[in-house]
Structures are given as structure tokens and as C-alpha cells.
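To start, the structure under review is shown below, and the notes come after it.
Computed from the coordinates by the stated procedures, all read-outs in this text should not be read as laboratory data. Given the structure is predicted, the values throughout are model-derived calculations rather than measurements. No Cβ is skipped: glycine too gets one built from the backbone with ideal geometry, and neighbour counts run over all protein chains shown.
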Amino acid sequence: MNAISIKDLVKTYPNTEALKGVSLEIKKGEFFALLGPNGAGKTTMIQIMTGLCNKTSGEVSLFNKDVYQDYQEARALIGLVPQEFNFDIFEKVYNILYYNAGYFWIPAKERPARIEKILKDLGLWEKKDAQAMQLSGGMKRKLMIARALVHNPKILILDEPTAGVDVETRQTMWTYLKKLNKEGTTILLTTHYLEEAEKLCDRIAIINKGKIIKVDTKDNLLKEHGNKKLEDIFLQLTK
């Protein structure tokens with residue numbers, strides 16, 4: 001089964017065509033990378049998948065749930081970690097997760113156990129009573145991931161999840177995300193750290209100027225281009 005199915009997706013703005021008939025399938029349980037330069041259309045795709053942006057035309061479904069016709073069911077399947085911090089910086093860490101669980105109809109009696117497990121897994125339990133503004137940049141990134149996972153989504157979408165994070169924290173997050181994927185969560189990653197995609201992902205799609213220009217397994221992509229670094233392949237395909 002496909003976790004994400006996108007067919008002929010178009011998004012136009014005045015004087016701009018952000019997506020030009022994009023089609024893409026991501027299998028259940030994959031760790032999939034969507035790579036592209038700034039302005040390529042990555043974030044627009046994610047916004048359409050999560051209901052933050054209306055499509056112009058095309059189809060998008062998550063586990064066969066149309067993101068428009070079956071909006072509530074489709075949205076509950078996704079945990080989104082956006083590029084920018086978008087939580088209340090004055091709120092306590094624990095409360096941010098508690099309230100977010102409520103948005104997804106998680107019963108109040110089930111929330112404490114879920115929150116404790118996620119915060120402990122991400123090394124944030126000792127910060128549960130701290131205001132978000134008191135966290136380091138790396139801890140804020142982890143909080144974004146924790147919030148996205150509190151309703152046990154089948155799909156985790158990570159839009160530049162380790163931007164501005166130190167090397168040690170990045171490695172810790174990679175280990176956690178690989179574990180999450182092995183447990184069955186489908187993960188869609190966008191990143192400008194191409195080493196990150198190379199380390200984590202099974203398949204890679206490269207998008208440029210609103211079009212998918214390449215989709216293949218990481219191994220095939222490297223082999224096809226003479227085992228060059230992914231960064232060199234990316235630059236060659238998007239120039």
C-alpha cells in the first residue's frame with residue numbers, strides 16, 4: 001500500500017506555477033527524501049498534503065484517504081514538523097504536547113503516558129516543566145518532533161528538521177528517526193543537508209522548478225552517477 005499518493009498535482013499563484021503536474025508515490029514504511037533547491041516546490045507539496053494550502057488541480061491521498069474529501073481522517077494520519085518554530089514560547093513543554101493531543105481527540109486519561117514516553121525517548125523529560133523559550137535550539141527541534149508524534153501518526157513529515165542543530169544533537173535525532181521508521185512509521189524528509197538524506201533514506205525524489213526530475217533508490221542513484229556524492233549528483237541534476 002502507498003502511504004502517500006500524489007497525481008498530476010498543480011498549484012498556481014498569480015504569475016507563478018509552484019507545482020507543474022507533480023506525481024509521486026511513497027510506500028508504507030519508507031524513509032523517503034524529497035530534495036530540491038529553495039523555491040522548488042517542496043514546502044508547497046507539504047502544505048497541500050497537510051491542508052495548509054489549497055491545490056489548483058490534481059489528487060493527493062494518504063493511505064487512500066483523499067486530503068480534501070476525507071480531510072479529518074487524512075490529517076490525523078500525519079505528524080508535521082515544519083521549518084519554523086510555531087509553538088507558544090511561553091507555554092510549558094508538557095502542556096504543548098498535552099494540548100496538541102487534544103486537537104487529535106486523544107482522551108485526557110491517555111495523554112500523560114504518551115507524553116512521558118515521547119519526551120523520555122527524545123531526552124526532554126527533565127524539561128517538561130520548562131517554558132519552550134528556555135530550551136536550546138536543538139531541544140526546540142526535538143519538541144517539534146515530539147509534538148508531531150503525540151497522536152501516533154502513521155506518516156511523519158519533516159521539513160528541514162535539523163536546521164541549525166549541532167552535530168551531536170543531529171546524530172541523536174537521526175538515531176531516533178531511524179528507530180521510529182523501523183517500527184513502521186512512514187517518514188517524508190526534506191533537507192538541505194544532503195548527507196542526512198544519504199544516511200537515512202531508502203528512496204529519493206529530486207524536485208526543481210515545480211517538477212519531479214528524478215525518483216530512484218539511493219543506491220541506484222549513486223550507482224548511475226558513478227558513485228559520486230549525493231551532493232554532486234544533486235547539483236548536476238538541478239543546475
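Miscellaneous remarks
- In the chain, inverting the average of 1/r over every pair of distinct C-alpha atoms gives 18.5 Å as the Kirkwood radius.
- Here the range 46-114 yields Rg over Rh of 1.04, to two decimals, using C-alpha coordinates and the Kirkwood radius.
- Working from label points 7 Å from Cα in the Cα-to-Cβ sense, the Y103 to K228 distance is 4.1 nm.
- For the range 157-165, 3J(HN,Hα) per residue [Karplus equation, 6.51 cos²θ - 1.76 cosθ + 1.60, θ = phi - 60°, Hz, x = Gly/Pro]: 10, 10, 9, 6, x, 10, 4, x, 9
- Dipole moment magnitude, nearest 20 debye, the chain about Cα centre, only Lys, Arg, Asp, Glu C-beta charged: 180 debye
- Peptides 120-131, 197-208 ordered by average Cβ neighbours within 10 Å, highest first: 197-208, 120-131
- Projecting the Cα atoms of P82, L237, L24 onto the charge dipole of the chain, computed from C-beta unit charges around the Cα centre, puts L24 farthest toward the positive end.
- Cross-link pairs exceeding 32 Å between alpha carbons, from the set K55/K92; K65/K228; K20/K154; K65/K179; K120/K239; K20/K179: K55/K92; K65/K228; K120/K239; K20/K179.
- Aspartates and glutamates whose Cα lies under 13 Å from that of K209, excluding same-chain neighbours fewer than 8 positions away: E17
- Dipole axis of the chain (+1 Lys, Arg; -1 Asp, Glu on Cβ), positive-most option in Y13, I145, A101: A101
- Pairs of Cα atoms nearer than 8 Å and 6+ residues apart set the relative contact order; for the chain it is 27 percent.
- Where both bridge residues fall in the chain, DSSP classifies roughly 60% of the beta bridges as antiparallel.
- Take every pair of alpha-carbon atoms less than 8 Å apart whose residues are at least six positions apart; their mean separation over the length of the range 1-72 yields a relative contact order of 40 percent.
- Using only the C-alpha atoms, the convex hull of the range 88-152 corresponds to 70 Å³ per residue.
- The chain: most fluctuating residue of Y94, Y13, Y68 per GNM, C-alpha cutoff 10 Å: Y13
- Beta bridges by DSSP in the range 97-239, antiparallel share as percent, to the nearest 5: 55 percent
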